[in-house]
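Down below is the structure, laid out as C-alpha coordinates.
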Amino acid sequence: MKWWPLTLLIAFLTGVTGTGCNKEDDELTGLEEEAAEAVAGALGGEKSTQGISGQSQDVVELTRGAAAGFSKSAGFDTTVYRQGNLTGGYVWDYTFHFSWEYGARFTVNFTYDMKGTYDTPRLSSSDSSDASWTVTGLLPADTSLVINGTYERNGSQASKIGQKRSFTSKVVIGLKDMTVGKVSKRITGGTADCTVSGSSSDGKSFSYVGSVLFHGNQKATLTLNGSTYELNLTTGNAALK
(Lines give C-alpha, C1' and ligand atoms only; values in the text may rest on other atoms or scores of the structure.)
Protein backbone atom coordinates (compact mmCIF):
# COMPACT_ATOMS: atom_id res chain seq x y z
CA MET A 1 0.00 0.00 0.00
CA LYS A 2 1.27 3.44 -0.87
CA TRP A 3 1.15 5.94 2.01
CA TRP A 4 0.67 9.65 1.30
CA PRO A 5 2.10 12.27 3.64
CA LEU A 6 -0.73 13.59 5.82
CA THR A 7 -0.21 17.21 4.77
CA LEU A 8 -0.31 16.26 1.09
CA LEU A 9 -3.48 14.21 1.57
CA ILE A 10 -5.23 17.06 3.39
CA ALA A 11 -4.21 19.52 0.70
CA PHE A 12 -5.52 17.21 -2.03
CA LEU A 13 -8.88 16.63 -0.36
CA THR A 14 -9.30 20.31 0.43
CA GLY A 15 -8.62 21.20 -3.19
CA VAL A 16 -11.17 18.69 -4.50
CA THR A 17 -13.98 19.63 -2.14
CA GLY A 18 -13.21 23.33 -2.34
CA THR A 19 -13.43 23.35 -6.12
CA GLY A 20 -16.84 21.68 -6.06
CA CYS A 21 -18.29 24.06 -3.48
CA ASN A 22 -17.03 27.17 -5.25
CA LYS A 23 -18.58 26.05 -8.54
CA GLU A 24 -21.96 25.54 -6.90
CA ASP A 25 -21.71 28.85 -5.06
CA ASP A 26 -20.84 30.64 -8.31
CA GLU A 27 -23.89 29.14 -10.01
CA LEU A 28 -26.24 30.31 -7.26
CA THR A 29 -24.76 33.66 -6.22
CA GLY A 30 -27.38 36.39 -6.43
CA LEU A 31 -29.91 34.34 -8.38
CA GLU A 32 -31.97 33.20 -5.40
CA GLU A 33 -32.72 36.76 -4.33
CA GLU A 34 -33.68 37.71 -7.87
CA ALA A 35 -35.89 34.62 -8.12
CA ALA A 36 -37.59 35.60 -4.85
CA GLU A 37 -38.32 39.05 -6.29
CA ALA A 38 -39.92 37.43 -9.35
CA VAL A 39 -42.16 35.32 -7.10
CA ALA A 40 -43.04 38.36 -4.99
CA GLY A 41 -44.06 40.26 -8.11
CA ALA A 42 -46.27 37.38 -9.21
CA LEU A 43 -47.97 37.14 -5.81
CA GLY A 44 -48.33 40.77 -4.82
CA GLY A 45 -48.18 44.20 -6.30
CA GLU A 46 -51.80 45.27 -6.47
CA LYS A 47 -50.31 48.77 -6.69
CA SER A 48 -47.43 47.90 -9.01
CA THR A 49 -46.69 44.43 -10.38
CA GLN A 50 -50.38 43.48 -10.78
CA GLY A 51 -49.94 39.99 -9.34
CA ILE A 52 -52.32 37.60 -7.62
CA SER A 53 -53.28 40.00 -4.81
CA GLY A 54 -54.63 42.43 -7.40
CA GLN A 55 -56.59 39.84 -9.34
CA SER A 56 -58.08 38.41 -6.15
CA GLN A 57 -59.66 41.83 -5.64
CA ASP A 58 -61.12 41.59 -9.13
CA VAL A 59 -62.66 38.24 -8.22
CA VAL A 60 -64.39 39.81 -5.21
CA GLU A 61 -65.77 42.63 -7.33
CA LEU A 62 -66.84 40.24 -10.05
CA THR A 63 -68.75 37.96 -7.70
CA ARG A 64 -70.44 40.98 -6.13
CA GLY A 65 -71.16 42.57 -9.49
CA ALA A 66 -69.90 45.81 -7.99
CA ALA A 67 -67.13 46.88 -10.37
CA ALA A 68 -67.80 48.91 -13.46
CA GLY A 69 -67.86 46.56 -16.41
CA PHE A 70 -68.41 43.45 -14.32
CA SER A 71 -71.70 41.58 -14.31
CA LYS A 72 -73.19 38.69 -12.36
CA SER A 73 -74.79 37.30 -15.49
CA ALA A 74 -73.98 33.70 -16.35
CA GLY A 75 -70.77 33.80 -18.34
CA PHE A 76 -68.60 36.88 -18.71
CA ASP A 77 -65.74 38.05 -20.92
CA THR A 78 -64.02 41.44 -20.97
CA THR A 79 -60.73 43.27 -21.52
CA VAL A 80 -59.40 45.79 -19.00
CA TYR A 81 -56.49 48.25 -19.31
CA ARG A 82 -54.62 49.42 -16.22
CA GLN A 83 -51.87 51.99 -15.80
CA GLY A 84 -50.39 53.60 -12.72
CA ASN A 85 -47.55 55.71 -11.38
CA LEU A 86 -47.06 55.94 -7.63
CA THR A 87 -44.64 57.98 -5.55
CA GLY A 88 -41.62 55.88 -4.67
CA GLY A 89 -40.90 54.55 -8.13
CA TYR A 90 -43.80 52.18 -8.88
CA VAL A 91 -45.04 52.26 -12.48
CA TRP A 92 -47.19 49.73 -14.36
CA ASP A 93 -49.01 49.32 -17.67
CA TYR A 94 -51.04 46.14 -18.26
CA THR A 95 -53.81 44.72 -20.41
CA PHE A 96 -56.04 42.05 -18.85
CA HIS A 97 -58.51 39.67 -20.40
CA PHE A 98 -60.96 38.26 -17.85
CA SER A 99 -63.56 35.53 -18.28
CA TRP A 100 -65.69 33.49 -15.93
CA GLU A 101 -68.60 31.11 -15.83
CA TYR A 102 -70.61 29.25 -13.24
CA GLY A 103 -69.16 25.86 -12.42
CA ALA A 104 -70.45 23.18 -10.09
CA ARG A 105 -72.90 24.10 -7.34
CA PHE A 106 -71.95 27.43 -5.76
CA THR A 107 -68.64 27.78 -7.64
CA VAL A 108 -67.29 30.13 -10.29
CA ASN A 109 -64.55 29.25 -12.78
CA PHE A 110 -62.40 32.35 -13.27
CA THR A 111 -59.65 32.68 -15.89
CA TYR A 112 -57.53 35.58 -17.04
CA ASP A 113 -54.41 36.46 -18.93
CA MET A 114 -52.43 39.67 -18.96
CA LYS A 115 -49.47 41.29 -20.66
CA GLY A 116 -47.48 44.41 -19.91
CA THR A 117 -44.67 46.01 -17.94
CA TYR A 118 -43.87 47.20 -14.44
CA ASP A 119 -41.05 49.09 -12.76
CA THR A 120 -40.29 49.09 -9.02
CA PRO A 121 -37.29 50.26 -6.97
CA ARG A 122 -35.95 46.67 -6.98
CA LEU A 123 -36.98 45.21 -10.33
CA SER A 124 -38.34 46.10 -13.76
CA SER A 125 -40.15 43.57 -15.92
CA SER A 126 -41.84 42.94 -19.24
CA ASP A 127 -44.04 39.90 -18.76
CA SER A 128 -47.26 38.00 -19.27
CA SER A 129 -49.34 35.70 -17.10
CA ASP A 130 -52.39 33.48 -17.12
CA ALA A 131 -54.48 31.91 -14.38
CA SER A 132 -57.27 29.39 -13.95
CA TRP A 133 -59.07 29.48 -10.60
CA THR A 134 -62.04 27.81 -8.97
CA VAL A 135 -63.81 30.15 -6.56
CA THR A 136 -66.12 29.11 -3.72
CA GLY A 137 -67.56 30.89 -0.70
CA LEU A 138 -70.20 32.61 -2.81
CA LEU A 139 -73.13 32.33 -0.43
CA PRO A 140 -74.22 35.54 1.32
CA ALA A 141 -73.36 34.03 4.70
CA ASP A 142 -69.75 33.40 3.64
CA THR A 143 -67.39 36.17 4.75
CA SER A 144 -64.52 35.10 2.48
CA LEU A 145 -64.03 33.71 -0.98
CA VAL A 146 -61.86 30.61 -1.28
CA ILE A 147 -59.63 30.31 -4.33
CA ASN A 148 -57.86 27.22 -5.63
CA GLY A 149 -56.01 26.94 -8.91
CA THR A 150 -52.90 27.77 -10.90
CA TYR A 151 -51.07 30.90 -11.97
CA GLU A 152 -48.13 31.16 -14.38
CA ARG A 153 -46.02 34.21 -15.16
CA ASN A 154 -43.25 34.51 -17.74
CA GLY A 155 -41.06 37.52 -18.26
CA SER A 156 -37.79 39.32 -18.84
CA GLN A 157 -36.53 41.26 -15.85
CA ALA A 158 -33.77 43.70 -14.98
CA SER A 159 -32.70 43.56 -11.35
CA LYS A 160 -31.75 46.70 -9.43
CA ILE A 161 -30.32 44.74 -6.50
CA GLY A 162 -27.26 42.54 -5.98
CA GLN A 163 -25.25 42.27 -9.17
CA LYS A 164 -28.01 44.05 -11.13
CA ARG A 165 -28.32 41.34 -13.74
CA SER A 166 -30.95 40.94 -16.41
CA PHE A 167 -32.70 37.58 -16.43
CA THR A 168 -35.68 35.65 -17.72
CA SER A 169 -38.04 33.84 -15.38
CA LYS A 170 -40.96 31.46 -15.30
CA VAL A 171 -43.02 31.41 -12.09
CA VAL A 172 -45.69 28.75 -11.53
CA ILE A 173 -47.91 29.02 -8.44
CA GLY A 174 -50.51 26.57 -7.15
CA LEU A 175 -53.00 28.18 -4.77
CA LYS A 176 -54.41 26.06 -1.95
CA ASP A 177 -57.52 27.40 -0.19
CA MET A 178 -56.41 31.02 -0.46
CA THR A 179 -59.03 33.12 1.33
CA VAL A 180 -59.99 36.66 0.35
CA GLY A 181 -62.19 38.83 2.58
CA LYS A 182 -65.34 39.98 0.82
CA VAL A 183 -65.28 43.33 2.61
CA SER A 184 -61.54 44.04 2.74
CA LYS A 185 -60.81 42.38 -0.63
CA ARG A 186 -57.48 41.35 0.90
CA ILE A 187 -55.88 37.92 1.05
CA THR A 188 -56.43 36.65 4.59
CA GLY A 189 -55.00 33.12 4.57
CA GLY A 190 -54.13 29.97 2.70
CA THR A 191 -50.98 28.51 1.20
CA ALA A 192 -49.32 28.03 -2.17
CA ASP A 193 -46.62 25.95 -3.81
CA CYS A 194 -44.34 27.60 -6.32
CA THR A 195 -41.54 26.90 -8.76
CA VAL A 196 -39.35 29.54 -10.37
CA SER A 197 -36.79 28.96 -13.08
CA GLY A 198 -34.85 30.97 -15.60
CA SER A 199 -31.45 32.22 -16.69
CA SER A 200 -29.43 35.38 -16.20
CA SER A 201 -27.61 37.64 -18.63
CA ASP A 202 -24.24 36.25 -17.51
CA GLY A 203 -25.17 32.71 -18.53
CA LYS A 204 -26.23 31.30 -15.18
CA SER A 205 -29.44 29.35 -14.76
CA PHE A 206 -31.63 28.73 -11.73
CA SER A 207 -34.51 26.48 -10.73
CA TYR A 208 -36.05 26.61 -7.26
CA VAL A 209 -39.04 25.07 -5.51
CA GLY A 210 -40.76 26.97 -2.71
CA SER A 211 -43.83 27.39 -0.55
CA VAL A 212 -45.90 30.39 0.51
CA LEU A 213 -47.91 31.07 3.65
CA PHE A 214 -50.40 33.97 3.51
CA HIS A 215 -50.73 35.84 6.84
CA GLY A 216 -53.23 38.57 6.04
CA ASN A 217 -52.53 42.30 6.37
CA GLN A 218 -50.86 42.23 2.93
CA LYS A 219 -48.08 39.97 4.19
CA ALA A 220 -46.85 36.51 3.26
CA THR A 221 -43.83 34.32 3.89
CA LEU A 222 -41.92 32.67 1.05
CA THR A 223 -39.60 29.75 1.74
CA LEU A 224 -37.35 29.27 -1.28
CA ASN A 225 -34.30 27.02 -1.56
CA GLY A 226 -33.91 26.95 2.23
CA SER A 227 -34.15 30.73 2.70
CA THR A 228 -37.13 32.66 4.07
CA TYR A 229 -38.45 35.94 2.67
CA GLU A 230 -41.12 38.32 3.93
CA LEU A 231 -43.38 39.43 1.08
CA ASN A 232 -45.22 42.73 0.80
CA LEU A 233 -48.36 42.00 -1.20
CA THR A 234 -49.03 45.68 -1.85
CA THR A 235 -45.72 46.48 -3.53
CA GLY A 236 -44.74 42.99 -4.67
CA ASN A 237 -41.34 43.10 -2.95
CA ALA A 238 -39.38 40.43 -1.05
CA ALA A 239 -37.09 40.92 1.97
CA LEU A 240 -34.73 38.21 3.21
CA LYS A 241 -35.35 37.37 6.87
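Before moving on, here are some points about what is shown:
- Screening the candidates Leu222, Leu175 for the property of being in contact with a Cys (Cβ under 8 Å, 6 or more places away or on another chain), aliphatic (A, V, I, L, M) and closer than 28 Å to Asp119 by Cβ yields one hit, Leu222.
- Taking first residues from segment 123-140 that are among the hydroxyl-bearing types (Ser, Thr, Tyr) and partners that are modelled with pLDDT under 95 and not in a strand (DSSP E or B), the Cβ contacts under 6 Å between residues at least 6 apart in sequence or on separate chains come to Thr134/Thr107; Thr136/Thr107.
- Scanning segment 124-166 for residues that are of a type outside the set (S, T, N, Q) and farther than 22 Å from Asp193 by Cβ turns up Leu138, Leu139, Pro140, Ala141, Asp142, Ala158, Lys160, Ile161, Gly162, Lys164, Arg165.
- Lone unmet requirement of (1) closer than 22 Å to Leu240 by Cα; (2) at pLDDT below 90; (3) basic (Lys, Arg) for Lys160: (2)
- Test: Lys160 is touching a residue at least 12 places away in the same chain (Cβ under 8 Å) and in contact with a strand residue (DSSP E or B) (Cβ under 9 Å, 6 or more places away or on another chain): yes
- Taken over segment 199-241, residues that are out of contact with any Leu (no Cβ under 6 Å at 6 or more places or on another chain) and at positive phi amount to 6.
- Condition broken by Gly198, with the remaining ones in (1) crowded, with 19+ Cβ neighbours inside 10 Å; (2) within 18 Å of Glu46 (Cα to Cα); (3) in contact (Cβ under 8 Å) with a residue 60 or more places away in the chain; (4) of a type outside the set (Val, Ile, Thr) satisfied: (2)
- Scanning segment 201-214 for residues being among the hydrophobic types (A, V, I, L, M, F, W, C) and in contact (Cβ under 8 Å) with a residue 60 or more places away in the chain gives a total of 2.
- Applying the criterion of being touching a Leu at 6+ places or on another chain (Cβ under 9 Å) and crowded, with 18+ Cβ neighbours inside 10 Å to the residues of segment 99-126, the residue that is modelled with the highest pLDDT is Phe110.
The values are calculated or read from the model by the stated rules, or taken from the named source; none is laboratory data. The structure presented is a predicted model; accordingly, all values stated were derived computationally and were not measured. Please note: Cβ atoms are built from the backbone with ideal geometry, for glycine as well, and neighbour counts cover all protein chains shown.
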